[in-house]
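**Q** This is the structure, below, for whatever I ask next.
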Amino acid sequence: MRKQRYILLAILPTFFVISCNRTNEIIYNESDVPNYKLPELMISEEGRVISDKQDWTAVRKSEILEQFANEVYGHIPDLAYAIRFRERIIADNYLDGAATIREIEAEVSSINGADKFTILYVHPTGKRNIPVFVGLNFRGNHTVDTLTEITIHDRWVPNNEKLKITDHLSTPESRGTKSSRWPLASIIGNGYGVATVYCGEFDPDYDDGYMNGFHPVFAPAGKQRNNQSPGTISIWAKGMSLMADFLIQDSIADPSRLIAIGHSRLGKTALWCGVNDERFSAVISNSSGCGGAALSMRSFGETVERINEVFPHWFSGSFKNYNGRENKLPVDQHMLLALVAPRPVYVASATDDQWADPLGEFLALKEAVPVYELFGYAKEFPLSQPLPDKPYHGITGYHLRSGSHDITEYDWIQYISWCNKWLGN
């Protein structure tokens, strides 16, 4: 019997114990990264060299998208649905009158049934045709700001002793606890809006057998799940598209300037949503790591095996076939980033976040650049990873922030500046 060791991982407030073969150590040194050959981005499944944007759009793009759906994330549901919105203003003098806060309750129904979610929507007062950042949050809309009028949801959340959560229900003590991740004054002050929903309103973030959230609403009638059925990330991505359903008909938002954004697992979600829903005009990944912007084949930090063991509900059943076999994947994350083209895409990393493989995130974006060249963008992407806090704001934007795994006001300032350049705010 091979010896095993056990690693205690701190993931949010919950601790998971996973067993790891002693021969499969966590890689944090570049010298230990295995040799790998990335799947071909510019050669079709039939061996055709992709040399122009017409070939990319007509041939290669759909091939890659299908492979990601089949082998990594599962297919985003396409079942017909109806959606109704009911909104209310909860603050019209926020930030000394500079901003208005609305809550939009959305009810989604299909032949299977119905469910609801609530958007927290903050936008400049008295302005129209504004660009809007669209993203999910980790614990609830009420954690974004201390405003007592923001509704506390009644969905499952991880227990947290500090926030007095012992029965998986949010408490008033968590109001505003994640406000640093949503610097509303900076966002509003620069003429942007922000729309966010608690990810657990679309699907709770634990392995529940896909029985809760929006899985039942969008399950194909009369069909059982298979290895290509949607994981939680696909349902979250669907949720972001449902948010876009509201924003494209809102009188305040500019429907041509919706920006998908996410941090960590929600950065993975923003990427997967953005490549599937082209109503998003730009896509931002903040420290999304394995299954997000980082190259899987580097096996640096978090690996496919570890992410599937700790979070078996995030991805498709097929993705587990590549546990410890990343070199067998038919796709890697540079191909996901390329699917955003020709729309702008931004990837950000943090120096102390080695679990998310900052260099692997940079290299994935670098390998996606040839597709942007097909669309006429000059090859100006840095040859090597930029120094910390020296952002690059090309159409394929990147920065490496000093610090740990988080999304901070520094990150948001870069995203706003970059969006000003590419979306013309």
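**Q** Can you compute the charge dipole magnitude of region 205-323 about its Cα centre, using +1 on each Lys and Arg Cβ and -1 on each Asp and Glu Cβ, nothing else charged? Give it in debye, rounded to the nearest 20.
**A** 260 debye
**Q** Using the Cα centre of the chain as origin and beta-carbon charges of +1 (Lys, Arg) and -1 (Asp, Glu), tell me which of ILE50, ILE284, PRO158 is placed farthest towards the positive end of the dipole.
**A** Of ILE50, ILE284, PRO158, it is ILE50.
**Q** Tell me whether region 218-260 comes out rounded, prolate or oblate; compute the Cα gyration tensor, take square roots of the eigenvalues as a ≥ b ≥ c, and use a/c under 1.5 as the rounded threshold.
**A** Note, shape of region 218-260 comes out prolate.
**Q** Moving on to the next point. For Rg and Dmax of the Cα atoms in Å, the listed values are [x] 20.6, 63; [y] 44.5, 150; [z] 20.7, 69; which was obtained by calculation from the structure presented?
**A** [z]
**Q** Once you place label points 7 Å from the Cα toward the Cβ at LEU387 and ASN29, how far apart are they in nm?
**A** Between LEU387 and ASN29, the label points sit 2.7 nm apart.
**Q** Within straight cross-link reach of LYS164, meaning Cα distance under 22 Å, which lysines are found once same-chain residues fewer than 8 apart are removed?
**A** By straight Cα distance, LYS164 reaches LYS178.
**Q** Tell me whether region 162-253 comes out rounded, prolate or oblate; compute the Cα gyration tensor, take square roots of the eigenvalues as a ≥ b ≥ c, and use a/c under 1.5 as the rounded threshold.
**A** Values: a/c = 2.98, a/b = 1.33, b/c = 2.23.
The shape class here is oblate.
**Q** Can I ask one more? I'd like the FRET efficiency for SER62 and THR146, computed as 1/(1 + (r/R0)^6) with the beta carbon distance as r and R0 of 60 Å, rounded to 0.05.
**A** Between SER62 and THR146 the formula returns 0.85.
**Q** What relative contact order, as a whole-number percentage, does the chain give when Cα pairs under 8 Å and 6 or more residues apart are counted?
**A** 16 percent
**Q** Which one, TYR372, PRO39, CYS199, projects farthest toward the positive side of the charge dipole computed for the chain from Cβ point charges (K/R +1, D/E -1)?
**A** With unit charges placed on the Cβ atoms, the residue in question is PRO39.
**Q** Something else about it: Could you list, in their original order, any pairs among LYS37/LYS328; LYS379/LYS421; LYS53/LYS390; LYS116/LYS223 whose Cα atoms are separated by more than 21 Å? Walk me through the numbers on the way to the answer.
**A** Working: LYS37/LYS328 10 Å; LYS379/LYS421 17 Å; LYS53/LYS390 31 Å; LYS116/LYS223 23 Å.
Over 21 Å Cα-Cα: LYS53/LYS390; LYS116/LYS223.
**Q** Suppose every K and R has +1 on its Cβ and every D and E has -1 on its Cβ; what is the size of the dipole of the chain about the Cα centre, in Debye to the nearest 20? Provide the component values of the computation, followed by the final result.
**A** On the way: 41 positive and 51 negative charges, 40 e Å.
Computed charge dipole of the chain: roughly 200 debye.
**Q** Please report how far the C-alpha centroid of region 229-251 lies from that of region 30-82, rounded to the nearest whole angstrom.
**A** After rounding, the separation between the Cα centres reads 22 Å.
**Q** From the square roots a ≥ b ≥ c of the eigenvalues of the alpha-carbon gyration tensor of region 312-425, which class results: rounded (a/c under 1.5), prolate (a/b over b/c), or oblate?
**A** Because a/c hits 1.5 or more and a/b fails to exceed b/c, region 312-425 counts as oblate.
**Q** Roughly how many percent of the accessible protein surface of the chain is carbon and sulfur, given a 1.4 Å probe and a whole-percent answer?
**A** Ligands and nucleic acids excluded, carbon and sulfur reach 49 percent.
**Q** Per residue, what accessible area does the chain have, given a 1.4 Å probe and all protein chains present, in Å²?
**A** Working: 17460 Å² over 425 residues.
Averaged over the residues of the chain, the accessible area is 41 Å².
**Q** Using just the helices of the chain, give the 222 nm mean residue ellipticity in deg cm²/dmol: DSSP H runs with n ≥ 4 each add -39,500 (n - 2.57), and the total is spread over all residues, rounded to 500.
**A** The helix contribution divided over the chain gives -6500 deg cm²/dmol.
**Q** Nothing charged except the Cβ atoms of Lys and Arg (+1) and of Asp and Glu (-1): what's the magnitude of the dipole of region 46-189 about its Cα centre? Round to the nearest 20 debye.
**A** 360 debye
**Q** To make sure I understand the rule: partners must be lysines, Cα under 16 Å from the Cα of LYS268, and not fewer than 8 residues away in the same chain. Which ones qualify?
**A** Within the straight-line cut-off, LYS268 pairs with LYS238.
The values are calculated or read from the model by the stated rules, or taken from the named source; none is laboratory data. Only a predicted model underlies this, so the values are computations on that prediction, with no experimental measurement involved. Glycine also receives a Cβ, built like all others from the backbone with ideal geometry; neighbour counts cover every protein chain displayed. To get the accessible areas, we keep the full protein, side chains included, count just its heavy atoms, and leave off ligands, DNA and RNA. Shrake-Rupley method; radii C 1.70, N 1.55, O 1.52, S 1.80 Å.
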